[in-house]
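The next block holds one structure in the form of structure tokens; read it before the comments.
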Amino acid sequence: MQQIIDRRLAGKNKSIGNRERFLRRHKEQIREAVKRAIDGRGIRDIERGEDIHIPKRDLSEPVFGHGQGGVRETVHPGNQDYVRGDRIERPKGGGGSGSGKGQASDSGEGEDDFVFSLSKEEFMQVFFEDLALPHLIRTQLAEVPEFKYHRAGYSSDGTPNNLHVVRSMRGAIGRRIAIGAGSRRSLRELEEQREQLLAAMQPGDEVAAAELKALDEEIAALRGRVARIPYLDPIDLKYRSRVKTPVPTSKAVMFCLMDVSGSMDEGRKELSKRFFILLYLFLTRHYEKIELVFIRHHTQAQEVDEENFFHARETGGTVVSSALVLMEEIIKARYNPSEWNIYGAQASDGDNWHHDSGRCREILSDKILPLVRYFAYVQVAEEEQNLWDEYTQLQTAHRHFAMRKAVEASQIYPVFRDLFKKEGAKAA
């Protein structure tokens, strides 16, 4: 029988196994804490850790109690107050535990909650589990963007395949000229002296002969010094330098449209927020710069900040076309489609003034969809109304338009299935 022993180092956290068991044991409490954190965060702040508070009583471990053992006979005394079947009244005075009365004490200990810190990766994992994302898509969203290497000048070290021959030879020539310039100048001067000495030298002149011999030795030494200058030195080698830069270099804008009329309760708004968060996470893996535009509407549309977008509630009717008209106006005023990648995300319960749904379809088909790369509509209610019927007509004519129902958080992912598939096909 084969045994596999995992000897990989666990990094700084040596108790990673205990940490994973702890996460599994208190999964429900951690999930509730993540849910509360999502409700209190903005869309841009979703990717960070969270402190989880777990009551101390929930951390108690089961223990085994050992009895005295053996066979024993014990006679317990009876009582003279009660017989079998009597009902015993609750003690009066409230002296039991938890009464909230009594004197303060200078002894004893309180029970504080256990604080457990979730890392960014663990927080995102719990968030993705609630959305029922496949493991592959979960990995793509949780990982950092890919990087590309770009040329950035030259360096003195690198791999042989990055060696720049022309730059290296140019440096070698410059080094040889700089190092040998003084020796060559002295060599030329000595050679001129030697020629002059030979021209003026008389036969039998021993002094001139000795001087000529000294000049020859000095010339030979200088020529040897010049010859010893290396033709190519390691300091001459120049390698192409490459720097790592993130792949996403374009900019994108994400329009979030949501109905805030009286029929959209907090539960539906929370579901819509998870829908917007998932689309935002997808875009952050493809674009370096992302702007968010929040448009809420009832009978009239208004651009607001994120706080009012998710927590404001209005009463009255619903006119969805007002939000689409405002979206088109903002695109023309601030986001040129030739410079921005535009995405639209709309969440609604499907309730709309019946005369307005046809106009919504026309605005999307003629004005919005030609400008955006993708538009997703999610209905957070089960009942199909006239807005759903009108939007259904757009799916066959526009491939970059998707619509789904999402009554639970786990139903949000199918909205993005086509989006991931189309992006991958285009990249291929």
Virtual spin-label span in nm between residue 353 and residue 202, 7 Å along Cα→Cβ
12.8 nm
Please list, in order along segment 161-176, the HN-Hα scalar couplings obtained from phi with the Karplus expression 6.51 cos²θ - 1.76 cosθ + 1.60 (θ = phi - 60°), rounded to whole Hz, x for Gly and Pro.
6, 9, 5, 9, 5, 4, 5, 5, 5, 5, x, 5, 5, x, 5, 5
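Counting Lys +1, Arg +1, Asp -1, Glu -1, what net charge surrounds residue 338 among other residues with beta carbon under 15 Å of its beta carbon?
Details: positive: 251, 332, 334, 373; negative: 339.
Charge balance near residue 338 sits at +3.
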For a quick check: with amide H placed at 1.01 Å from N, whose amide H comes under 5 Å from residue 290's, ignoring anything fewer than 5 positions away on the same chain?
252
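Excluding residue 155 itself, calculate the net charge of residues whose Cβ lies under 10 Å from the Cβ of residue 155, where each Lys or Arg counts +1 and each Asp or Glu counts -1. Walk me through the numbers on the way to the answer.
Working: positive: 238, 240, 242; negative: 157.
Value of the local net charge: +2.
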P(r), alpha carbons of segment 160-240 - 10 Å bins starting at zero, rounded %:
17, 32, 21, 15, 10, 4, 1
So for segment 284-402, using the alpha carbon gyration tensor with a ≥ b ≥ c as root eigenvalues (a/c under 1.5 gives rounded; past that, a/b versus b/c decides prolate or oblate), I'd call it oblate
Residue 52 long-range amide H proximity, modeled H, under 5 Å
116, 117, 118
Of all DSSP beta bridges in segment 249-427, what percent run antiparallel (nearest 5)?
15 percent
Along the Cα→Cβ direction, 7 angstrom out, place labels at residue 79 and residue 152. What is the inter-label distance in nm?
8.2 nm
From fewest to most C-beta neighbours within 10 Å, the residues 275, 114, 123 line up as 114, 123, 275
How far apart, in nanometres, would the label points at residue 384 and residue 233 be if each is projected 7 angstrom from Cα along the Cα-to-Cβ direction?
8.1 nm
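Summing +1 for each Lys or Arg and -1 for each Asp or Glu, what net charge is found among the other residues whose Cβ lies under 9 Å from the Cβ of residue 238?
Values: positive: 167, 170, 240; negative: 236.
Neighbour charge sum, excluding residue 238 itself: +2.
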Of 269/405; 35/269; 273/332; 269/367; 273/405, pairs whose Cα-Cα distance is over 18 Å
273/332; 269/367
Extension length gain for residue 21 and residue 72 (0.36 nm per residue less Cα distance), in nm, is 14.2 nm
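Rule-based calculations on the coordinates, nothing more; no lab input. Given the structure is predicted, the values throughout are model-derived calculations rather than measurements. Reconstructed Cβ throughout: ideal geometry from the backbone, glycine too, with neighbour counts over all protein chains shown.
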